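Shown next, in C-alpha coordinates, is the structure this report addresses.
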Amino acid sequence: MDITRRIEDYIGIVDRDEIEYIKELAENVKGARVLHINSTKKGGGVAEILRSVVPLANSLGLKVRWEVISGDREFFEVTKSFHNALQGNKGLKLGGDMIRKYLETNEINAGKIDTDADVIVIHDPQPAALISYKNKGSSKWVWRCHIDLSDPNEQFWSFLRGFVTMYDAAIFSHGVYVPRDLRGIKIYISHPSIDPLTDKNKPLSQTEIERIISKYGIDPEKPLVGQVARFDPWKDHQSVVRVYKALRQKVENLQLVLLGSFADDDPEGERIYKEVLRETEGLSDVYVINEHNDLLVNAIQRSMVFAFQLSIREGFGLTVSEALWKYTPVIGRRAGGIPLQVIDGVTGYLVNNMEEAYERALMLIKKPWLARMLGANGHQHVKRNFLITRDLRDYLRIHIDLVAR
Ligand code: UDP
(Lines give C-alpha, C1' and ligand atoms only; values in the text may rest on other atoms or scores of the structure.)
Protein backbone atom coordinates (compact mmCIF):
# COMPACT_ATOMS: atom_id res chain seq x y z
CA MET A 1 0.00 0.00 0.00
CA ASP A 2 1.45 3.35 -1.01
CA ILE A 3 0.63 6.23 1.21
CA THR A 4 0.41 9.96 0.64
CA ARG A 5 2.08 12.08 3.25
CA ARG A 6 2.92 15.71 3.62
CA ILE A 7 5.25 17.18 6.17
CA GLU A 8 2.44 19.47 7.39
CA ASP A 9 0.52 16.40 8.57
CA TYR A 10 2.97 16.20 11.47
CA ILE A 11 2.20 19.64 12.88
CA GLY A 12 0.82 19.06 16.35
CA ILE A 13 2.62 15.75 16.72
CA VAL A 14 6.08 17.33 16.68
CA ASP A 15 6.89 21.00 17.30
CA ARG A 16 6.26 23.47 14.51
CA ASP A 17 9.93 24.59 14.67
CA GLU A 18 11.00 21.09 13.79
CA ILE A 19 8.76 21.12 10.71
CA GLU A 20 10.12 24.50 9.62
CA TYR A 21 13.66 23.28 10.08
CA ILE A 22 13.01 20.21 7.92
CA LYS A 23 11.57 22.42 5.16
CA GLU A 24 14.64 24.65 5.27
CA LEU A 25 16.94 21.65 5.00
CA ALA A 26 14.96 20.33 2.02
CA GLU A 27 15.42 23.62 0.16
CA ASN A 28 19.12 22.75 -0.15
CA VAL A 29 18.43 19.54 -2.06
CA LYS A 30 15.22 20.39 -3.89
CA GLY A 31 14.95 18.38 -7.08
CA ALA A 32 17.66 15.91 -6.02
CA ARG A 33 16.97 12.46 -7.50
CA VAL A 34 17.22 9.83 -4.80
CA LEU A 35 16.80 6.10 -5.33
CA HIS A 36 16.28 3.62 -2.49
CA ILE A 37 16.82 -0.08 -3.19
CA ASN A 38 16.01 -2.88 -0.76
CA SER A 39 14.86 -6.49 -0.93
CA THR A 40 11.25 -6.51 0.23
CA LYS A 41 8.23 -4.29 -0.21
CA LYS A 42 6.62 -5.45 3.02
CA GLY A 43 7.63 -7.16 6.24
CA GLY A 44 10.47 -6.04 8.44
CA GLY A 45 11.63 -2.66 9.59
CA VAL A 46 13.30 -1.41 6.41
CA ALA A 47 10.17 -1.53 4.26
CA GLU A 48 8.27 0.03 7.11
CA ILE A 49 10.47 3.13 7.16
CA LEU A 50 10.72 3.48 3.39
CA ARG A 51 6.94 3.44 3.08
CA SER A 52 6.85 6.74 4.95
CA VAL A 53 10.19 8.39 4.21
CA VAL A 54 9.84 8.12 0.43
CA PRO A 55 6.51 9.99 0.06
CA LEU A 56 7.53 12.51 2.73
CA ALA A 57 10.77 13.40 0.95
CA ASN A 58 8.81 13.72 -2.29
CA SER A 59 6.41 16.11 -0.58
CA LEU A 60 9.43 18.27 0.23
CA GLY A 61 10.46 18.62 -3.41
CA LEU A 62 12.99 15.81 -3.79
CA LYS A 63 12.47 13.23 -6.53
CA VAL A 64 12.59 9.93 -4.71
CA ARG A 65 12.05 6.43 -6.12
CA TRP A 66 11.95 3.08 -4.32
CA GLU A 67 12.91 -0.15 -6.11
CA VAL A 68 12.91 -3.70 -4.77
CA ILE A 69 15.30 -6.37 -6.05
CA SER A 70 13.88 -9.74 -6.99
CA GLY A 71 15.39 -13.13 -6.31
CA ASP A 72 14.39 -16.76 -5.97
CA ARG A 73 14.13 -18.79 -2.79
CA GLU A 74 17.72 -19.96 -3.01
CA PHE A 75 18.96 -16.35 -3.18
CA PHE A 76 17.00 -15.41 -0.07
CA GLU A 77 18.29 -18.48 1.73
CA VAL A 78 21.81 -17.33 0.89
CA THR A 79 21.15 -13.77 2.06
CA LYS A 80 19.50 -15.06 5.22
CA SER A 81 22.77 -16.86 5.96
CA PHE A 82 24.56 -13.57 5.27
CA HIS A 83 22.25 -11.86 7.71
CA ASN A 84 22.80 -14.44 10.45
CA ALA A 85 26.55 -14.65 9.87
CA LEU A 86 26.98 -10.89 9.81
CA GLN A 87 25.07 -10.59 13.08
CA GLY A 88 27.47 -12.99 14.73
CA ASN A 89 26.82 -16.63 13.77
CA LYS A 90 30.44 -17.82 13.49
CA GLY A 91 29.53 -21.39 12.56
CA LEU A 92 28.29 -20.56 9.06
CA LYS A 93 30.57 -21.07 6.07
CA LEU A 94 30.45 -19.06 2.90
CA GLY A 95 30.52 -21.53 0.03
CA GLY A 96 31.37 -20.91 -3.60
CA ASP A 97 27.82 -21.71 -4.68
CA MET A 98 26.48 -19.10 -2.25
CA ILE A 99 28.79 -16.47 -3.68
CA ARG A 100 27.75 -17.42 -7.20
CA LYS A 101 24.03 -17.18 -6.38
CA TYR A 102 24.51 -13.84 -4.64
CA LEU A 103 26.51 -12.27 -7.46
CA GLU A 104 24.32 -13.70 -10.20
CA THR A 105 21.11 -12.32 -8.62
CA ASN A 106 22.69 -8.91 -8.12
CA GLU A 107 23.81 -8.91 -11.73
CA ILE A 108 20.30 -9.74 -12.98
CA ASN A 109 18.84 -6.94 -10.87
CA ALA A 110 21.48 -4.49 -12.04
CA GLY A 111 20.20 -5.13 -15.55
CA LYS A 112 16.61 -4.44 -14.53
CA ILE A 113 16.81 -1.42 -12.21
CA ASP A 114 17.42 2.03 -13.59
CA THR A 115 20.05 3.50 -11.26
CA ASP A 116 20.17 6.94 -12.82
CA ALA A 117 19.96 9.17 -9.72
CA ASP A 118 21.98 11.67 -7.72
CA VAL A 119 21.98 9.58 -4.54
CA ILE A 120 21.48 5.82 -4.48
CA VAL A 121 20.75 4.34 -1.08
CA ILE A 122 21.19 0.56 -0.99
CA HIS A 123 19.67 -1.10 2.06
CA ASP A 124 21.34 -4.06 3.76
CA PRO A 125 23.50 -6.86 2.31
CA GLN A 126 21.04 -8.35 -0.22
CA PRO A 127 21.51 -5.71 -2.95
CA ALA A 128 24.95 -4.48 -1.75
CA ALA A 129 26.80 -5.88 -4.78
CA LEU A 130 24.82 -3.60 -7.11
CA ILE A 131 27.64 -1.10 -6.52
CA SER A 132 29.76 -3.18 -8.92
CA TYR A 133 27.53 -1.93 -11.73
CA LYS A 134 27.87 1.73 -10.79
CA ASN A 135 28.00 3.99 -13.81
CA LYS A 136 30.80 6.46 -14.15
CA GLY A 137 29.40 9.85 -13.24
CA SER A 138 28.63 11.91 -10.23
CA SER A 139 26.06 9.68 -8.44
CA LYS A 140 26.77 9.11 -4.78
CA TRP A 141 26.24 5.58 -3.50
CA VAL A 142 25.31 5.06 0.13
CA TRP A 143 25.05 1.70 1.87
CA ARG A 144 22.39 1.82 4.61
CA CYS A 145 23.08 -0.99 7.03
CA HIS A 146 20.21 -1.88 9.34
CA ILE A 147 21.95 -4.74 11.10
CA ASP A 148 24.54 -5.05 13.84
CA LEU A 149 28.02 -5.57 12.34
CA SER A 150 29.96 -5.18 15.57
CA ASP A 151 30.91 -8.86 15.84
CA PRO A 152 30.50 -10.42 12.41
CA ASN A 153 31.50 -13.79 11.00
CA GLU A 154 34.82 -12.75 9.45
CA GLN A 155 34.48 -14.81 6.29
CA PHE A 156 31.15 -13.25 5.33
CA TRP A 157 32.16 -9.76 6.41
CA SER A 158 35.42 -9.75 4.47
CA PHE A 159 33.49 -10.77 1.34
CA LEU A 160 30.88 -8.05 1.87
CA ARG A 161 33.45 -5.46 2.88
CA GLY A 162 34.89 -5.65 -0.63
CA PHE A 163 31.62 -4.12 -1.86
CA VAL A 164 30.97 -1.78 1.05
CA THR A 165 34.30 -0.01 0.63
CA MET A 166 33.34 0.83 -2.96
CA TYR A 167 30.53 3.07 -1.64
CA ASP A 168 30.88 6.78 -0.95
CA ALA A 169 29.30 6.43 2.47
CA ALA A 170 27.56 4.07 4.87
CA ILE A 171 24.80 4.71 7.37
CA PHE A 172 24.51 2.61 10.53
CA SER A 173 21.64 2.52 13.02
CA HIS A 174 23.94 2.79 16.01
CA GLY A 175 27.57 3.81 16.58
CA VAL A 176 28.43 0.45 18.11
CA TYR A 177 27.31 -1.48 15.00
CA VAL A 178 30.09 -0.11 12.83
CA PRO A 179 32.75 -2.76 12.13
CA ARG A 180 36.16 -1.74 13.43
CA ASP A 181 37.90 -2.43 10.15
CA LEU A 182 35.60 -0.38 7.92
CA ARG A 183 37.69 2.54 6.77
CA GLY A 184 37.99 4.87 3.83
CA ILE A 185 34.34 5.81 3.43
CA LYS A 186 32.13 8.32 5.22
CA ILE A 187 30.16 6.89 8.11
CA TYR A 188 26.89 8.36 9.32
CA ILE A 189 24.81 7.26 12.29
CA SER A 190 21.04 7.51 12.11
CA HIS A 191 18.59 5.70 14.34
CA PRO A 192 15.52 4.23 12.68
CA SER A 193 12.11 5.67 13.41
CA ILE A 194 8.37 5.09 13.44
CA ASP A 195 5.61 7.00 11.70
CA PRO A 196 2.90 8.12 14.14
CA LEU A 197 0.35 8.48 11.31
CA THR A 198 0.32 4.95 9.90
CA ASP A 199 -2.40 2.43 10.70
CA LYS A 200 0.15 0.77 12.94
CA ASN A 201 0.71 3.79 15.15
CA LYS A 202 -2.25 6.15 14.79
CA PRO A 203 -4.54 6.73 17.77
CA LEU A 204 -7.34 4.16 18.21
CA SER A 205 -10.45 4.50 20.33
CA GLN A 206 -11.27 2.04 23.09
CA THR A 207 -14.11 0.65 20.97
CA GLU A 208 -11.82 0.08 18.00
CA ILE A 209 -9.17 -1.62 20.14
CA GLU A 210 -11.69 -3.95 21.75
CA ARG A 211 -13.37 -4.76 18.44
CA ILE A 212 -10.03 -5.65 16.82
CA ILE A 213 -8.58 -7.82 19.57
CA SER A 214 -11.89 -9.56 20.33
CA LYS A 215 -12.00 -10.80 16.76
CA TYR A 216 -8.95 -12.91 17.59
CA GLY A 217 -10.48 -14.21 20.81
CA ILE A 218 -8.44 -11.96 23.12
CA ASP A 219 -10.50 -10.87 26.13
CA PRO A 220 -10.21 -7.10 26.73
CA GLU A 221 -11.21 -7.64 30.38
CA LYS A 222 -8.24 -9.85 31.20
CA PRO A 223 -4.61 -8.71 31.45
CA LEU A 224 -2.56 -9.20 28.29
CA VAL A 225 1.21 -9.42 27.73
CA GLY A 226 3.13 -10.47 24.64
CA GLN A 227 5.65 -9.84 21.93
CA VAL A 228 5.22 -8.49 18.43
CA ALA A 229 8.07 -9.82 16.31
CA ARG A 230 8.72 -11.72 13.11
CA PHE A 231 9.00 -15.47 13.63
CA ASP A 232 12.77 -15.55 13.58
CA PRO A 233 15.34 -17.38 15.75
CA TRP A 234 16.89 -14.12 16.99
CA LYS A 235 13.61 -12.88 18.44
CA ASP A 236 13.61 -15.69 21.02
CA HIS A 237 9.92 -16.44 21.25
CA GLN A 238 10.88 -19.44 23.36
CA SER A 239 11.95 -17.25 26.28
CA VAL A 240 8.75 -15.25 26.09
CA VAL A 241 6.75 -18.48 26.37
CA ARG A 242 8.91 -19.66 29.27
CA VAL A 243 8.43 -16.46 31.25
CA TYR A 244 4.72 -16.47 30.49
CA LYS A 245 4.35 -20.03 31.79
CA ALA A 246 5.98 -18.96 35.06
CA LEU A 247 3.79 -15.86 35.31
CA ARG A 248 0.69 -17.97 34.83
CA GLN A 249 1.43 -19.70 38.12
CA LYS A 250 0.84 -16.35 39.87
CA VAL A 251 -1.64 -14.59 37.60
CA GLU A 252 -4.29 -17.09 36.61
CA ASN A 253 -6.14 -15.09 34.00
CA LEU A 254 -3.05 -13.71 32.25
CA GLN A 255 -3.23 -13.84 28.45
CA LEU A 256 -0.27 -14.08 26.07
CA VAL A 257 -0.19 -12.88 22.50
CA LEU A 258 2.62 -13.64 20.06
CA LEU A 259 2.00 -11.72 16.90
CA GLY A 260 4.34 -12.30 14.01
CA SER A 261 4.56 -12.72 10.31
CA PHE A 262 7.20 -13.76 7.78
CA ALA A 263 8.91 -11.33 5.47
CA ASP A 264 8.95 -12.37 1.80
CA ASP A 265 12.70 -12.86 2.05
CA ASP A 266 12.70 -15.04 5.20
CA PRO A 267 12.58 -18.83 4.73
CA GLU A 268 13.18 -19.50 8.44
CA GLY A 269 9.87 -17.96 9.47
CA GLU A 270 7.74 -21.01 9.00
CA ARG A 271 10.01 -23.25 11.05
CA ILE A 272 9.98 -20.90 14.05
CA TYR A 273 6.22 -20.37 13.79
CA LYS A 274 5.64 -24.12 14.00
CA GLU A 275 8.00 -24.38 16.95
CA VAL A 276 6.08 -21.68 18.82
CA LEU A 277 2.79 -23.46 18.10
CA ARG A 278 4.23 -26.68 19.50
CA GLU A 279 5.47 -25.00 22.67
CA THR A 280 2.13 -23.37 23.39
CA GLU A 281 -0.07 -26.29 22.38
CA GLY A 282 -2.92 -26.91 24.79
CA LEU A 283 -2.41 -23.66 26.73
CA SER A 284 -5.58 -21.64 27.14
CA ASP A 285 -5.32 -17.84 26.94
CA VAL A 286 -2.41 -18.00 24.48
CA TYR A 287 -2.81 -16.41 21.06
CA VAL A 288 -0.19 -17.14 18.42
CA ILE A 289 -1.13 -15.05 15.42
CA ASN A 290 0.62 -15.29 12.09
CA GLU A 291 -0.68 -12.39 10.11
CA HIS A 292 0.47 -9.15 8.60
CA ASN A 293 -2.06 -6.66 9.92
CA ASP A 294 -1.08 -3.15 10.97
CA LEU A 295 -4.27 -2.32 12.86
CA LEU A 296 -3.89 -5.53 14.81
CA VAL A 297 -0.29 -4.61 15.76
CA ASN A 298 -1.61 -1.22 16.85
CA ALA A 299 -4.49 -2.59 18.93
CA ILE A 300 -2.33 -5.25 20.56
CA GLN A 301 0.43 -2.82 21.47
CA ARG A 302 -2.18 -0.56 23.04
CA SER A 303 -3.82 -3.29 25.09
CA MET A 304 -0.82 -5.00 26.65
CA VAL A 305 0.20 -4.26 30.24
CA PHE A 306 3.74 -4.21 28.90
CA ALA A 307 5.47 -5.59 25.81
CA PHE A 308 8.27 -8.13 25.79
CA GLN A 309 11.18 -7.68 23.41
CA LEU A 310 13.46 -10.52 24.38
CA SER A 311 15.49 -10.64 21.15
CA ILE A 312 18.98 -12.07 21.52
CA ARG A 313 20.21 -9.95 18.63
CA GLU A 314 18.39 -7.02 17.19
CA GLY A 315 19.02 -4.43 14.52
CA PHE A 316 17.22 -1.60 16.15
CA GLY A 317 13.92 -3.09 17.22
CA LEU A 318 11.24 -0.80 15.83
CA THR A 319 8.60 -2.72 17.75
CA VAL A 320 10.05 -1.23 20.94
CA SER A 321 9.47 2.35 19.82
CA GLU A 322 6.04 1.35 18.52
CA ALA A 323 4.99 0.02 21.93
CA LEU A 324 6.50 2.94 23.85
CA TRP A 325 4.79 5.46 21.57
CA LYS A 326 1.52 3.84 22.68
CA TYR A 327 2.38 4.35 26.35
CA THR A 328 3.18 0.66 26.79
CA PRO A 329 6.43 0.00 28.69
CA VAL A 330 8.84 -2.64 27.38
CA ILE A 331 10.77 -5.44 29.08
CA GLY A 332 13.72 -6.18 26.84
CA ARG A 333 17.14 -7.74 26.56
CA ARG A 334 20.22 -5.58 26.08
CA ALA A 335 20.41 -6.37 22.37
CA GLY A 336 21.00 -4.03 19.47
CA GLY A 337 18.97 -0.85 19.69
CA ILE A 338 16.78 -2.00 22.57
CA PRO A 339 18.82 -0.19 25.27
CA LEU A 340 18.58 3.06 23.29
CA GLN A 341 14.82 2.87 23.66
CA VAL A 342 14.33 1.05 26.93
CA ILE A 343 15.91 3.19 29.61
CA ASP A 344 16.06 0.85 32.57
CA GLY A 345 13.56 1.86 35.23
CA VAL A 346 12.37 4.84 33.17
CA THR A 347 10.67 3.56 30.01
CA GLY A 348 10.71 -0.14 30.92
CA TYR A 349 13.23 -2.69 32.13
CA LEU A 350 16.40 -4.19 30.69
CA VAL A 351 16.90 -7.75 31.83
CA ASN A 352 19.94 -10.03 31.87
CA ASN A 353 18.12 -13.32 32.29
CA MET A 354 14.64 -14.77 32.34
CA GLU A 355 14.37 -14.75 36.13
CA GLU A 356 14.75 -10.98 36.00
CA ALA A 357 12.25 -10.78 33.16
CA TYR A 358 9.78 -12.73 35.29
CA GLU A 359 10.25 -10.47 38.33
CA ARG A 360 9.88 -7.26 36.36
CA ALA A 361 6.87 -8.60 34.53
CA LEU A 362 5.14 -9.62 37.73
CA MET A 363 5.81 -6.21 39.24
CA LEU A 364 4.24 -4.39 36.30
CA ILE A 365 1.19 -6.64 36.35
CA LYS A 366 0.70 -6.01 40.06
CA LYS A 367 1.37 -2.27 39.88
CA PRO A 368 -0.58 -0.79 36.96
CA TRP A 369 0.31 2.73 38.13
CA LEU A 370 3.99 1.93 37.61
CA ALA A 371 3.37 0.56 34.13
CA ARG A 372 1.47 3.76 33.32
CA MET A 373 4.33 5.92 34.57
CA LEU A 374 6.97 4.07 32.54
CA GLY A 375 4.68 4.12 29.51
CA ALA A 376 4.25 7.90 29.68
CA ASN A 377 8.04 8.32 29.86
CA GLY A 378 8.37 5.99 26.90
CA HIS A 379 6.03 8.09 24.78
CA GLN A 380 8.07 11.23 25.46
CA HIS A 381 11.34 9.42 24.74
CA VAL A 382 10.08 8.27 21.34
CA LYS A 383 8.66 11.70 20.55
CA ARG A 384 12.07 13.27 21.11
CA ASN A 385 14.20 10.66 19.38
CA PHE A 386 12.53 8.06 17.22
CA LEU A 387 9.85 9.62 15.05
CA ILE A 388 9.95 9.64 11.25
CA THR A 389 10.49 13.41 11.15
CA ARG A 390 13.87 12.94 12.82
CA ASP A 391 14.78 10.20 10.35
CA LEU A 392 13.83 12.42 7.44
CA ARG A 393 15.98 15.22 8.87
CA ASP A 394 18.95 12.84 9.02
CA TYR A 395 18.44 11.75 5.39
CA LEU A 396 18.21 15.38 4.27
CA ARG A 397 21.41 16.25 6.11
CA ILE A 398 23.19 13.30 4.48
CA HIS A 399 21.88 14.24 1.03
CA ILE A 400 23.05 17.81 1.59
CA ASP A 401 26.44 16.60 2.70
CA LEU A 402 26.82 14.42 -0.38
CA VAL A 403 25.21 16.37 -3.22
CA ALA A 404 24.11 19.91 -2.31
CA ARG A 405 25.61 22.44 -4.65
N1 UDP B 1 5.71 -6.33 12.22
C2 UDP B 1 4.41 -6.41 11.75
N3 UDP B 1 3.72 -7.56 11.95
C4 UDP B 1 4.25 -8.60 12.60
C5 UDP B 1 5.57 -8.52 13.10
C6 UDP B 1 6.28 -7.37 12.88
O7 UDP B 1 3.88 -5.48 11.16
O8 UDP B 1 3.57 -9.59 12.74
C9 UDP B 1 6.41 -5.07 12.04
C10 UDP B 1 6.71 -4.39 13.34
O11 UDP B 1 5.55 -3.71 13.82
C12 UDP B 1 7.85 -3.48 12.96
C13 UDP B 1 8.60 -4.30 11.91
O14 UDP B 1 7.67 -5.25 11.40
O15 UDP B 1 7.38 -2.29 12.38
C16 UDP B 1 9.76 -5.04 12.52
O17 UDP B 1 10.83 -4.19 12.74
P18 UDP B 1 11.91 -4.50 13.86
O19 UDP B 1 12.96 -3.45 13.76
O20 UDP B 1 11.24 -4.64 15.19
O21 UDP B 1 12.49 -5.92 13.49
P22 UDP B 1 12.97 -6.61 12.13
O23 UDP B 1 11.79 -7.39 11.65
O24 UDP B 1 13.40 -5.52 11.18
O25 UDP B 1 14.08 -7.51 12.58
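The values are calculated or read from the model by the stated rules, or taken from the named source; none is laboratory data. Everything numeric here is computed off the predicted structure, so don't read it as measured data. Virtual Cβ from ideal backbone geometry, glycine too; neighbours counted across all protein chains shown. Please note that ligands, DNA and RNA were not included when accessible areas were found on the heavy atoms of the full protein model with its side chains. Shrake-Rupley method; radii C 1.70, N 1.55, O 1.52, S 1.80 Å.
Computed quantities for the displayed model
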item	result
Percent breakdown of C-alpha pair distances by 5 Å bin, ordered from the shortest bin, for segment 1-108	2, 10, 16, 16, 14, 12, 9, 9, 7, 4, 1
Selection from LEU277, TYR327, ALA246, by position along the positive dipole direction of the chain (Cβ)	TYR327
Longest segment of the chain lacking GluC sites (Glu not before Pro) that sit in a DSSP loop with at most 16 other Cβ atoms within 10 Å	1-220
Out-of-range pairs (alpha-carbon distance over 26 Å; input LYS250/LYS367; LYS200/LYS383; LYS112/LYS235; LYS41/LYS134; LYS80/LYS202)	LYS112/LYS235; LYS80/LYS202
Within the accessible area of segment 220-310 (1.4 Å probe), percent carbon and sulfur	43 percent
Counting all C-alpha pairs of segment 284-386, share separated by more than 21 Å (%)	29 percent
Acute angle (nearest 10 degrees) that the helix 154-164 long axis makes with the longest principal axis of the chain, alpha-carbon atoms	50 degrees
Cα centroid separation - segment 95-146 against segment 340-405, whole Å	33 Å
With Cα atoms, 0 to 90° folded angle of helix 294-303 axis to the chain main axis	40 degrees
Relative contact order (percent, whole number), the chain, Cα cutoff 8 Å, 6+ residue spacing	16 percent
Check: the chain dipole with +1 on Lys, Arg Cβ and -1 on Asp, Glu Cβ, in debye	520 debye
Nearest 10 degrees, 0 to 90: helix 237-250 Cα axis against the chain principal axis	20 degrees
LYS222 versus ARG16: modelled label distance in nm, points set 7 Å from Cα along the beta carbon direction	4.9 nm
Extension gain (nm, one decimal) between ALA246 and LYS112, 0.36 nm per residue minus Cα-Cα	43.0 nm
Quotient of Cα Rg and 2.2 N^0.38 Å for the chain, N being how many residues it contains	0.98
The chain: most fluctuating residue of GLY375, GLY137, GLY332 per GNM, C-alpha cutoff 10 Å	GLY137
Sites matching chymotrypsin sites (Phe, Trp or Tyr not before Pro) across segment 172-259 that sit in DSSP coil, with at most 16 neighbouring C-beta atoms within 10 Å	TYR216
Whole-Hz couplings from phi, Karplus 6.51/-1.76/1.60, listed for segment 361-367; x for Gly and Pro	4, 4, 4, 5, 5, 6, 10
FRET efficiency, ASP401 to ASN353 (Cβ-Cβ, R0 45 Å, nearest 0.05)	0.60
Accessible area (Å², per residue) of segment 1-150, counting only protein heavy atoms and a probe of 1.4 Å	43 Å²
Other-chain or far-sequence residues with amide H under 5 Å of PHE316's (modelled H)	GLY337
Accessible area (Å², per residue) of segment 223-357, counting only protein heavy atoms and a probe of 1.4 Å	34 Å²
Given charges at Cβ of Lys, Arg, Asp, Glu: the chain dipole, positive-most of GLY12, SER70, HIS83	GLY12
Sulfur and carbon atoms: percent of accessible area, segment 11-160 [1.4 Å]	47 percent
